[in-house]
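What follows is a short report on a single structure.
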Amino acid sequence: MKKIFIIIMLCSSFFSGIVYAKDREISVVVNDKLISREEGQIDMVNGVAYISVKFLEPALNIDMYWMNEIGQVQLNKDEKIMILNLHDNTLTTDWLNVERYMVVSKNNDIMVPMRLVAEYFGYKVSFKSDGPIISITSSEKLQEQDEKATQKEKAHHKVIYLTFDDGPSPYTDKLLELLDKYQVKATFFMLDGAMKKNPESVKHIVERGHAVGLHGVTHKPHTFYCGHDGPLKEMEQTNETLESIVGFRSCLIRTPFGSNPHLTLKQYLNLVSHEYRIWDWNIDSKDWAYNNPHKAFNTTIKNMKTSKKEPKVVLFHDMKYVVETLELFLKWMDENQYTSKEITADLVPVKMTQKK
C-alpha cells in the first residue's frame, strides 16, 4: 500500500537525562488521513526523532513479531530483519552492531530511532526546517516517482551510479574527460588531504556537473572509527575543506572500506542527526586489488550481469589504472544502453548487508 506520512515535531525538553518533545500535539498524516496522537507517536530523544513500534506495522507496512518469552520484538520487511531486545534496550540489524539505549521505553510504549528504521527498510526520509517537518515516503511511492522520472529519460537507457573514491588525484581530469565524452555523470567521494593537494580538480568536478561527497581524513579504520564521534569529526573536517574550495558543503558521505562491519549504531546516528547521507556500493570493480585495467573491467561487467540489486552503485577509485578501466566500461555501458547519473540528497542510500 502506498503511503506518505508527514510528522510535525515541536520543541523538546529534558526528562530523566533523555530529551523528549514537550507534551504538545504532534500531527501525523498517513495517505492524507490524519492519525491521532493515540494511534501513532513521534518524539525526540537526544535530538533524534523516535517512532513508536506500535505505529510501525500500519505506517511502514512492517511485519512485527512479539517474542514475550525472551523479551524481544522482531521487525520484518522484504527479507530484512531488525531485532529489538527489551531487556537491555539494544537494537541490531544485519549490518549494524548491537548498541545500548537505542530502544526507549516511555508511557508503556516502545520507541526506536525513526530515520534508522525507515531507511533500513527502504523508505526515504527528508527533513524541512519549516515546522519542522519530517517526511517519510514508502518504497512503493518512490518506485512510482522513479518510473515517472525514467519516462523523461531516454526510453532505452538504464540508470546506474558511477562513484569514485580516494580522490581527487592527478588522474581526475582524465576521468572527467571520459565522462564528458560519453555524457554521463558520476559522484566523487573525496579525501580531505587529496582535496587540499588538488583543489583545482575539485572545482573541475563541480563545474562539469558531477556530485561531490566526503570520504574522511585518515582512511585508517582504527582511527576513523575510533569513538562515537570519530566518523562525524572526520566528515566535518572534510566538509570544511570542501566548502573552502567550492563554497558549499555536501551531505553525501562514504565511510572508509564501507559501513559494514565498522560503523556502529551510535556513529551512524551521530552522522544522520547531522543530515549526512551514508552511501556504500553494490558493484565492486576490485580495481584497488588488481591494479590491472582489464581485470577490473571484467570483474565489473561480471558483477553487473549477475547482480539483481537496484539501483546499481559501482565502486571505482580515482587512480591511474582506472582511467583505462573507465574507458572500457563506458564503452560497454553505451553498447548495452546504460547511462550514469550523479547521486543526489533525495535518493535512498545504498548500504551494505552483513556478509554470511
request  = Estimate the FRET efficiency between residue 107 and residue 72 by the formula 1/(1 + (r/R0)^6), using the beta-carbon distance for r and 22 Å for R0, to the nearest 0.05.
outcome  = 0.60
query = How much solvent-accessible surface does residue 331 expose, in Å² to the nearest 10, with a 1.4 Å probe and all protein chains in place?
reply = 110 Å²
Length gained when the stretch residue 57-residue 206 is fully extended (0.36 nm per residue, less Cα-Cα span) = 49.4 nm
request  = Arrange the residues 232, 328 by how much accessible surface each exposes, largest first, with a 1.4 angstrom probe.
outcome  = 328, 232
inquiry  = Just to compare against my own numbers: the Cα pair-distance distribution for segment 170-321, 10 Å bins, whole % per bin, please.
reply    = 10, 37, 38, 15, 0
request  = Provide, for segment 213-314, the number of lysine pairs with alpha carbons under 18 Å apart, each pair being eight or more places apart or on different chains.
outcome  = 9
GluC sites (Glu not before Pro) within segment 198-307, DSSP loop, no more than 13 other Cβ atoms inside 10 Å = 275
note = The long-range amide H neighbours of residue 158, using H built 1.01 Å from N in the peptide plane and a cut-off of under 5 Å, are 338, 339
note = Net charge near residue 259 (other residues with Cβ under 9 Å of its Cβ; Lys, Arg +1; Asp, Glu -1) is +1
query = Per the Kirkwood definition applied to all pairs of different Cα atoms, how many angstroms is the hydrodynamic radius of segment 261-306?
reply = 12.9 Å
query = Given H placed on each backbone N at 1.01 Å, which residues far from residue 72 in sequence or on other chains put an amide H within less than 5 Å of it?
reply = 67, 86
query = Mind listing the phi-derived Karplus ³J(HN,Hα) values for segment 291-297, rounded to whole Hz, using 6.51, -1.76 and 1.60 with θ = phi - 60°, and x for any glycine or proline?
reply = 6, 9, x, 6, 5, 5, 5
query = So for the pair residue 243, residue 89, with labels modelled 7 Å out along Cα→Cβ, what separation do we get in nm?
reply = 3.3 nm
inquiry  = If you roll a 1.4 angstrom probe over the protein chains with everything in place, what fraction of the accessible area of segment 205-317 belongs to carbon and sulfur, to the nearest %?
reply    = 52 percent
ask   = So for 87, 274, 215, 222, what's the accessible-area order with a 1.4 Å probe, most first?
value = 222, 87, 274, 215
task = Over segment 250-356, average the accessible area per residue using a 1.4 Å probe and give it in Å², no decimals.
result = 45 Å²
remark   = The Kirkwood hydrodynamic radius of segment 288-356, taken as the inverse of the mean 1/r over all distinct Cα pairs, in Å, comes to 13.6 Å
inquiry  = Output wanted: per-residue J couplings in Hz (rounded whole) for segment 279-290, from phi through Karplus 6.51 cos²θ - 1.76 cosθ + 1.60, θ = phi - 60°, x for Gly and Pro.
reply    = 10, 9, 8, 10, 10, 9, 6, 6, 4, 5, 8, 7
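The values are calculated or read from the model by the stated rules, or taken from the named source; none is laboratory data. Computed from a predicted structure; not experimentally measured. Backbone-built Cβ (ideal geometry, glycine too); neighbour counts: all protein chains shown. With ligands, DNA and RNA removed, areas are computed over all heavy atoms of the protein, side chains included. Shrake-Rupley method; radii C 1.70, N 1.55, O 1.52, S 1.80 Å.
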